[in-house]
1. Does the range 335-343 contain any residue that is surrounded by fewer than 18 Cβ atoms within 10 Å (Cβ to Cβ), closer than 24 Å to Arg160 by Cα, in contact with a Cys (Cβ under 9 Å, 6 or more places away or on another chain) and not hydrophobic (A, V, I, L, M, F, W, C)?
2. Anything in the range 98-116 that is among the polar types (S, T, N, Q) and buried (at least 19 other Cβ atoms within 10 Å of the Cβ)? List them, or say none.
3. Among the residues in the range 289-300, are any basic (Lys, Arg), at pLDDT 95 or above and closer than 18 Å to Val255 by Cβ?
4. Can you name the condition, by its number, that Thr146 falls short on among (1) touching an Asp or Glu at 6+ places or on another chain (Cβ under 8 Å); (2) modelled with pLDDT under 95?
5. State whether the residues of the range 66-74 include one that is of a type in the set (Val, Ile, Thr) and either surrounded by fewer than 19 Cβ atoms within 10 Å (Cβ to Cβ) or over 14 Å from Ala40 (Cβ atoms) (or both).
6. Select, from Leu15, Leu52, the only residue that is outside the structural domain of Gln145 (by TED's automatic domain parsing), within 28 Å of the chain's Cα centre (by Cα), closer than 27 Å to Val373 by Cβ and among the aliphatic types (A, V, I, L, M).
7. Given the structure, is Gly362 within 17 Å of Thr271 (Cβ to Cβ), among the small types (Gly, Ala, Ser) and surrounded by 15 or more Cβ atoms within 10 Å (Cβ to Cβ)?
8. Restricting to the range 41-62, what's the tally of residues that are assigned to a loop (DSSP other than H, G, I, E, B) and either modelled with pLDDT of 95 or more or among the charged types (D, E, K, R) (or both)?
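The values are calculated or read from the model by the stated rules, or taken from the named source; none is laboratory data. What you see is a predicted model, and the numbers here were worked out from it, not measured in a lab. Here Cβ is always computed from backbone atoms with ideal geometry, including for glycine, and neighbour counts include all displayed protein chains.
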Amino acid sequence: MTAATFAGPWSAPRLLLAGKGLIDPTPLWDDDGQAYLLHAWAKSRAGFNNVLTLQRMKPDASGMLDDAGRIVIDANQLPGYKTLEGPKFYKRDGYYYVFAPAGGVEYGWQSVFRSRSIGGPYEVRIVLAQGSSPVNGPHQGAWVQTPQGEDWFFHFQDKRAYGRVVHLQPIQWREGWPVIGEDVAGSGTGQPVASYRKPVAGYAAASPATSDEFDGAALGLQWQWNANWRPEWYALDGGRLRLFGQPRAGNLWDVPSLLLQKLPAESFTVTTKLDVSGMADGGDAGLVMYGLDYAWLGARRVDGKTRLALVSCHKADAKCRENEEAGVALASPQIWLRMQVRAGGATRFSYSYDDRAYTPLGGPFTAAMGRWVGAQMGLFSASSGGASAGHIDIDHFRVTPE
């Protein structure tokens, strides 16, 4: 896509390079105006991986100049290397540099390849690894430079249920190689820093939004629907959120109308107040910890009676069935639900009728990552009757740190 300004308007997408299993493209415009595209391969689709392929590209990125690319970095020839992917392509002081992670998302490291010729051969060095730090990975990053000329490295750490957490590392250059993070042993391989000065001083720390009183004209930016959303799923009115019961045929994995947000920290507590008097028969609604394994605490209405239930679903169940682990009669249509999350995703659910005394329901649940993403927490209203039916009203969703 192209645009005259970053704000757009942007052109329609155009296909640059087609192929089964092509992933992680990174372009480079050389000093002579020629352009190149480097990419990795997904073994699940291409049948192979651990190599990087280079092709010439038209300078305006409108198409390729080569009929086929050629492998310029083959990590199968490097001892211990597997799953080389996510390359970033740069040029500095006459060297071509490829920053690329290897070894897998959770257990790998960050390598840098360099060559005086864009086609290689490339030398290689591991420039960032976990070392004695608690930051596993570290994975898929990018070298950035501030207007003041300082070099930094963004990368992520996979924390399973907590998602992929972004880190920022300092870069120093030594004999033409980047040293990322803290080089404890003086070997040229850094490890992630626990803390460090900011690239630009003078700005207060800030965190993304989590809690929502639902008193605005729109949902807060922390919320994301489970799939493409429709306006008739919800309404905001007078400081409350109304969720209309959306149809579902099975478990929640295929329900698009889950209102979710990411986990904000390792340990925290969520409290929400629900009014379930508007639920219809066949309805389920409540507070959910959602991933490939999920659990929710909320109301179930069957044959005109509403009960409070703790329900779970696990990816290990081949039939993907929900299991009601515990349930009690609902004494009031207005109820507070609480979810306490501790390190490792350990989650406990409880409920209250006065927001003071909370009663645990069911046993502990361990939050699990989703497909390529961390777990999410949030609210839902669903109907097993095959059509949209009933609603719940949510007064607030409050997240407090522990």
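1. First, pick out the residues of the range 335-343 that are surrounded by fewer than 18 Cβ atoms within 10 Å (Cβ to Cβ): 342-343.
Next cut, closer than 24 Å to Arg160 by Cα only: 342-343.
Adding the requirement that they be in contact with a Cys (Cβ under 9 Å, 6 or more places away or on another chain) leaves none.
Checked the range 335-343: no residue is surrounded by fewer than 18 Cβ atoms within 10 Å (Cβ to Cβ), closer than 24 Å to Arg160 by Cα, in contact with a Cys (Cβ under 9 Å, 6 or more places away or on another chain) and not hydrophobic (A, V, I, L, M, F, W, C).
2. Restricting attention to the range 98-116, the residues satisfying the condition of being among the polar types (S, T, N, Q) are 110-111, 115.
Selection gives Gln110, Ser111.
3. Quick first cut of the range 289-300, residues basic (Lys, Arg) only: 300.
Of the ones still in play, those that are also at pLDDT 95 or above are 300.
Restricting the remaining residues to those that are closer than 18 Å to Val255 by Cβ gives 300.
Yes, because at least one residue in the range 289-300 is basic (Lys, Arg), at pLDDT 95 or above and closer than 18 Å to Val255 by Cβ.
4. (1)
5. We begin by selecting, within the range 66-74, every residue of a type in the set (Val, Ile, Thr); these are 71-73.
So of that shortlist, the ones also either surrounded by fewer than 19 Cβ atoms within 10 Å (Cβ to Cβ) or over 14 Å from Ala40 (Cβ atoms) (or both) come out as 71.
Taking every residue of the range 66-74 in turn, at least one turns out to be of a type in the set (Val, Ile, Thr) and either surrounded by fewer than 19 Cβ atoms within 10 Å (Cβ to Cβ) or over 14 Å from Ala40 (Cβ atoms) (or both).
6. Working: Leu52 fails: outside the structural domain of Gln145 (by TED's automatic domain parsing).
Checking each option against the conditions leaves just Leu15.
7. Working: within 17 Å of Thr271 (Cβ to Cβ): no; among the small types (Gly, Ala, Ser): yes; surrounded by 15 or more Cβ atoms within 10 Å (Cβ to Cβ): yes.
No.
8. Filtering the range 41-62 down to residues assigned to a loop (DSSP other than H, G, I, E, B) leaves 42, 47-50, 58-62.
After this cut, where a residue has to be either modelled with pLDDT of 95 or more or among the charged types (D, E, K, R) (or both) as well, the list is 42, 47-50, 58-60.
Total satisfying the criteria: 8.
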